[in-house]
Amino acid sequence: MTSVSASGPAPDEVSFLIIGAGFAGLGAAIKLRLAGHDDLVILERADDVGGTWRDNTYPGCRCDVQSNLYSYSFDPKPDWSETYPSQPELWAYLQRVVRKNDLGRHLRFGHEVTEARWDDRSRRWLVSTNRREFAARYLIAGVGALVEPSLPDIPGIGTFAGSIMHSARWDHDWQSAGRRVAVVGTGASAIQIVPSIQPRVEHLTVFQRTAPFVVPHTNHPVKPAVKTMYRLVPATQRISRTLVYCVREILAIGFTRNPKILKRAEVAWRRHMEKAVTDPIMRAQLTPTYDLGCKRVLPSNDFYPAIAKPNVSLVTEKIIEIRPDAVVTADGNAHPVDTVILATGFHVTDNPMLGKIRGKDGQTLADAFGTTYLGTVVPGFPNYFQLTGANTGLGHSSMLLMIESQLSYIVDGIAKAQAGGGKFEVRPEVAAAYNAELQRRLTRTVWSSGCSSWYLDSEGRNLTLWPGFTFEFRRRTREFRTSDFVLS
Ligand SMILES: Cc1cc2nc3c(=O)[nH]c(=O)nc-3n(C[C@H](O)[C@H](O)[C@H](O)COP(=O)(O)OP(=O)(O)OC[C@H]3O[C@@H](n4cnc5c(N)ncnc54)[C@H](O)[C@@H]3O)c2cc1C
C-alpha cells in the first residue's frame, strides 16, 4: 500500500478519484459507471452536489443558455418550467441526477482537496483532503472554472460596518427592504441581481467599471402541452435541443471568424437600451467602448429598466476606498451605503486550486495550465484529466457540450491506457503544437479585439475560450489517439 505521508494511516486506495460534484464531476462518475468502472470516489468540499448551481443562490440567478441545451444530453428533463433554467431548478435537476444514478454511495462531502501529486514509483495520484488521504490510479479534476470568488482589493474594505457579500456567497438572512445598497460590478451576476433587488431597496448605487452589452432575453414559461409532448415523444425535445444548438453554433462564426457579423447585434442592443433609458448621460455611460462579443454578452429584459429607476444611481468613477458607511470614488464623492454586494466574478486563470495539483516533477498545474492538450490532459501529469480546463470555455453556447465531449474522451482514454499498461502521458510536442495553433486562431477572434476581460490572463493570453465551433471540439475529442501519448 502506498503512503501519502511518511507517518499516519494508509490512504484509501481507489481506481478513480474525481474532485468536484458539479456538472463535470457528476457527469464523469456517470460515464465511468456506464463504462463498467465502479471503484470511484467523488470528493466534494461542500455539503451538497451542484457546484455553480449550489453556490450561486443570489436573487435572479439563471442560466443564459436554454434548458434543453443546458442539461445532460443523456438525461433530458421534459418538464423544465422555463425555457432558460433558474438556479433552483438546475440545482434540483442535479440532485435528481444523483439519486437516479445512485451516485450517493460514491460521494464524500466536506472533503476539500488540499494537495494532489503524482507518485511515479507507485504509479498513483496521492491526494490529501482536510479529512484523509487517498491514492488513485486516475485523477479527474472537475473543480470548476468559476468557483473561487474574486474579492476586490479596495483600501478600507475590511472596515465596512454594514453587510458585505460576494454574489456567490449570498447571505439569505439579509433583507433588501429599505437598504442603501452598493452593487460593485456590472457582469453576468450583477445584471441579474440589480433588477431583482431594485424594487425593494431604498437606494441602489451600481458601480460600473466597463459597460456590458445587455441584449433582449427570450425566457418564458414552457407550456404544459409542450412538457407533455416532450414526455410522451422524447424525440421532440431532442429536435428542440438540436435547433437551439444549431442557432447558437452560428453565433460562433461571429465570435471566432468574422466579428463584423456581430455588428448587427449592436443595433438590437442599442434599441433595447434606448427603449428603457432616456437620460442621455446614462445612455452614454451604458454604451460599451469595445466590440460586441469581446466581453460576455448578457441577456436581460429588466436590467436597463431597473437601472433607469429613480432609486438607482449609476457610478462610473473608480472606487478608491471603502469606509465604514460609504463607498468613495475617485472624484471624491462618498456614496453612503449599508450593504455592499460584490458582483466581482471569480479567480479564473488564477484559480488557487491549480497550485495544489502537482505533476511528476513537482510542477503545479498553475505552471503547466497553458500546455494543456484539448483542455483535458497535461504534459507531465500522467493519468490526469482536467474537466473544463484551458480553452474549453464558450462565449456562445452550453458548457455541457464541452464537458460531454471531454467525458467521452476520458472514457476512451482510460480504456486505451489500461490496454497499454495503465499509465498515460500526453507528448509535450503534441500539446505544444496544439496550443500554438489555438493561440494563433485566438488572435483573430473578437475576444482579442482590445477589451480587458476575465477571458485573458495577466499576460493578455486567452487560456479560457475555445476558438471555434463546439462540433470541432467534439470531433477532436472523439478519439483518444494513442499516438499522442506515451503509454506504459
Ligand atoms: C453565476 C454563473 C452563471 C453561469 N451561467 C452559465 C451559462 O449560462 N451557461 C454555461 O454554459 N455556463 C454557465 N456558467 C458556467 C458553469 O460554471 C458551468 O456551466 C458548469 O456549471 C461548470 O460545472 P463544473 O462541474 O465544471 O464546475 P462547478 O459547477 O464550479 O463545480 C465544481 C465543484 O468542485 C468543487 N471543488 C472545487 N475545489 C475543490 C476542492 N479543492 N476540493 C473538493 N471540491 C472542490 C466545488 O465545490 C464545486 O462543487 C455559469 C457560472 C456561474 C458562476
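We did not get these values from a lab; they are worked out from the coordinates using the rules stated. A quick note: this is a predicted structure, and the numbers were derived from the prediction, not measured. Cβ sites come from the backbone with ideal geometry, for glycine too, and all protein chains shown count toward neighbours.
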**Neighbourhood charge, 12 Å Cβ-Cβ cut-off, centred on ARG476 and excluding it, Lys, Arg +1 and Asp, Glu -1** = 0
**Prompt:** trypsin sites (Lys or Arg not before Pro), restricted to the stretch 297-401: which are DSSP loop and have at most 12 other Cβ atoms within 10 Å?
**Reply:** LYS318
**Item:** Positive-end residue, the stretch 338-404 charge dipole about Cα centroid, Cβ charges, pick of THR388, VAL377, LEU400
**Value:** VAL377
**Message:** Residues of the stretch 379-405 with backbone nitrogen within less than 19 Å of a virtual label 7 Å along the Cα-to-Cβ line of GLU429, please, listed as ranges.
**Reply:** 379-381
**Message:** If exposed means no more than 13 neighbouring beta carbons inside 10 Å and the site is in a DSSP loop, what's the longest run of the chain without any exposed GluC sites (Glu not before Pro)?
**Reply:** 203-458
**Prompt:** For the residues CYS451, CYS246, what sequence is obtained by ranking on other C-beta atoms within 10 Å, fewest first?
**Reply:** CYS246, CYS451
**Item:** Those trypsin sites (Lys or Arg not before Pro) in the stretch 186-273 that DSSP places in a loop and that have at most 16 other beta carbons within 10 Å
**Value:** ARG200, ARG209, ARG257
**Prompt:** What FRET efficiency, computed as 1/(1 + (r/R0)^6) with R0 = 45 Å and r the Cβ-Cβ distance, is obtained for THR218 and GLU459, rounded to the nearest 0.05?
**Reply:** 0.75
**Complete:** So the angle from the long Cα axis of helix 428-442 to the longest Cα principal axis of the chain, reported in degrees to the nearest 10, equals 20 degrees
**Integer Hz, Karplus 6.51/-1.76/1.60 couplings in order for the stretch 222-231, x for Gly and Pro** = 7, 5, x, 5, 5, 4, 4, 4, 4, 6
**Prompt:** Magnitude of the Cβ-charge dipole of the chain, K/R +1 and D/E -1, about the Cα centre, nearest 20 debye?
**Reply:** 1500 debye
**Message:** Projecting each Cα onto the charge dipole of the chain (Lys/Arg +1, Asp/Glu -1 at the beta carbon, about the Cα centre), which of PHE23, VAL201, SER150 comes out farthest on the positive side?
**Reply:** PHE23
**Request:** Multiply the residue separation of THR443 and ARG283 by 0.36 nm, subtract the distance between their alpha-carbon atoms, and state the gained length in nm to one decimal.
**Result:** 54.5 nm
**Request:** Report the Cys residues of the chain lacking a disulfide-compatible partner, meaning no second Cys Cβ under 4.7 Å from their Cβ.
**Result:** CYS61, CYS63, CYS246
**Prompt:** Amide H to amide H, which residues 5 or more places from VAL377 or on other chains are under 5 Å from it, using H placed in the peptide plane?
**Reply:** GLN386
**Complete:** From fewest to most C-beta neighbours within 10 Å, the residues MET273, MET402 line up as MET273, MET402
**Request:** Set the Förster radius R0 to 45 Å, insert the Cβ-Cβ distance between ARG475 and ALA334 as r into 1/(1 + (r/R0)^6), and round the FRET efficiency to 0.05.
**Result:** 0.20
